[in-house]
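Data first, discussion second: the structure below is written as structure tokens.
The values are calculated or read from the model by the stated rules, or taken from the named source; none is laboratory data. Just so we're clear, the structure is a prediction, and the values are computed from it rather than from any experiment. Cβ atoms come from the backbone with ideal geometry, glycine included; neighbour counts cover every protein chain shown. All accessible areas refer to the heavy atoms of the entire protein, side chains included, with ligands and DNA or RNA removed. Shrake-Rupley method; radii C 1.70, N 1.55, O 1.52, S 1.80 Å.
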Amino acid sequence: MAAASNVNENVSENVNESVKKNVNELVRAEKLVAGGDALGRLADGRVVFIAGALPGESVMVELRSDKRDFAKGVAVSIVERSPSRVDAPCPRIAQGCGGCGWQHALPDAQLRWKTDVAADALRRIAKLPSADVRAGGAVDPWRYRTSLRLAVASDGTIGLRAATSHRVVAIDNCLVAHPALVALLPMVRVKGADEVSLRVSVATGEMTAWADTARASIDGLPASVNVGAGAVIHELVAGVRLRVSAASFFQSGPQAAELLVTYVREACGDFLSDSHGPLLDAYGGVGLFAATLAAPTAMPAIVVESSAASCADAKVNLGEGAQVVRSRLEDWHPEPVRLVVADPARTGLGADGVAVLGATRAERIVLVSCDAASLARDTVLLATAGYRHGGSTVLDLFPHTPHVEVVTRFDLV
Ligand SMILES: C[S@@+](CC[C@H](N)C(=O)[O-])C[C@H]1O[C@@H](n2cnc3c(N)ncnc32)[C@H](O)[C@@H]1O
């Protein structure tokens, strides 16, 4: 047993006001759960969610919230240490920065645990005890983020939110951000907005800055940074040049986008062919999947996307070969297709999204989920619509955070 060591200040600074008692108890962390905490059991049998603990560790837990059925706490010291534990290299974590919750774990272990979280959700929520869930790839653990959404402090400087409060932690460096964005951090001053988004293209070096409100002003930037909703970068993914407006969604970086395309392509299998068209790229953003998977094979595509900025980009990126429909998927009138790629926001497809996808009678649906619980809920809804879970691959597109990305194949039975 290793000597007890103190866990970083980050977790112990956040005192929950619903604390009834301030008790320390030795707990063994069994596994990690969605959101990033570890799950263990108190001596009285209740589940406790522990911030800062890793699977297999024995930790001293200080309870911060103590309910009838479960409790929440923080690991204030590690009594038995996981071999996957490392010292978080970023000093800003000790200052409370909430950007990276898992820097204290080895990257390989992070992907393994994310895979466990997805398998656990499918087991508990979708009642699939032996679902095929495997670990796929991960992006480089450092400097991978080419888009950053930052919080604005009252003096106009920018930073990241603290782990469990709205406090803005000033950052002059960020170990997961692209160096070109890091260089901007001390320069930017924002008025009239709570958040600002910075983005850089790895392919061209173009940069954008944007705040989601008309009255915002963003100052202090070099003239080379394009400012405002209409500002664009061009990025290269799987050999395809994509225009991405500052107001459009893009993955954590081109490496993440490329990895996702690789695994989505694999999940689409033989359905990716012009004779099987069209591909429905649902929640299609700037047309990432239609442009990289359908267009090169001359397969026609339909992109359904609710954001005006993303639709404008998708039209440029896809040209004549695709139909870009600006609509919420739930409001789109379904057309018959054989293959769907659907990449919804964290809430997942939900009943309305599944109803629309089911009405296309697609033979294969490839679902990209960024939340394990919503994947499991969608799996249940898709099963009711006649689609069988055919295997999930978990990717790590956000190393050092608990954020999961899961590519799942569903087949019409
Ligand atoms: C996770 S992003 C994926 C975008 C794209 N597939 C990509 O990988 O770059 C989800 C996208 O869905 C769009 N969106 C959100 N809600 C939607 C809805 N109800 N119907 C259609 N699109 C929606 C967002 O604007 C965003 O572009």
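Some observations on this one:
- Computed over protein heavy atoms with a 1.4 Å probe, the accessible surface of the chain works out to 42 Å² per residue.
- For the chain, built as a Gaussian network whose Cα springs stay under 10 Å, the top-fluctuating residue of G35, G136, G269: G269
- Net charge over other residues, Cβ less than 9 angstrom from the Cβ of G350 (K, R count +1; D, E count -1): -2
- Long hydrophobic helices in the chain: the complete DSSP H runs spanning 18 Å or more by Cα along their own axis with mean Kyte-Doolittle hydropathy of at least -1.0 are 107-124, 254-268, 372-384.
- Solvent-accessible surface ranking, highest first, for K114, K191 at 1.4 angstrom: K191, K114
- Shown here is the pair-distance distribution of region 238-284: with all Cα-Cα distances grouped in 10 Å bins from zero up to the longest one, the shares run 20, 50, 27, 3 percent.
- For region 315-413, alpha-carbon Rg relative to the globular expectation (2.2 N^0.38 Å, N residues): 1.11
- Cα-based Lys proximity count in the chain, under 14 Å, for pairs eight or more positions apart or on separate chains: 5
- Modelled this way, with points 7 Å down the Cα-to-C-beta line, the labels at F70 and D132 are 3.1 nm from one another.
- Rounded is the label for region 253-357, because a/c, from the alpha-carbon gyration tensor with a ≥ b ≥ c as root eigenvalues, stays below 1.5.
- Largest first, the residues E30, E235 sort by 1.4 Å accessible area into E30, E235.
- The Kirkwood radius of region 147-245, taken over pairs of alpha-carbon atoms, gives through the Stokes-Einstein law at 20 °C and 1.002 mPa s a diffusion coefficient of 154 µm² s⁻¹.
- Annotation: R243 carries an accessible surface of approximately 60 Å², with a 1.4 Å probe and no ligand, DNA or RNA atoms counted.
- Mean residue ellipticity, 222 nm, helices only, the chain: the sum of -39500 (n - 2.57) across DSSP H runs of n ≥ 4, divided by residue count and rounded to 500, is -6000 deg cm²/dmol.
- A183 paired with A345, simple spin-label distance in nm, labels 7 Å along Cα-to-beta-carbon: 3.4
- Pairwise centroid distance, computed over Cα atoms, of region 325-379 with region 194-219, Å: 30
- For the chain, Kirkwood radius (reciprocal of mean inverse C-alpha pair distance, Å): 22.5
- Between D270 and E363, the simple label model (points 7 Å from Cα in the Cβ direction) yields a spacing of 0.8 nm.
- With R₀ set to 22 Å, the beta-carbon distance separating D44 from E80 gives a calculated FRET efficiency near 0.55.
- For the set M60, M299, M187, the ranking by accessible area, highest first and with no ligand, DNA or RNA atoms included, is M187, M60, M299 under a 1.4 Å probe.
- Considering only L288, L279, L128, the Gaussian network model of the chain with Cα springs below 10 Å gives its largest mean-square fluctuation to L128.
- Of the solvent-accessible surface of the chain, computed with a 1.4 Å probe over protein heavy atoms with every protein chain present, carbon and sulfur atoms account for 52 percent.
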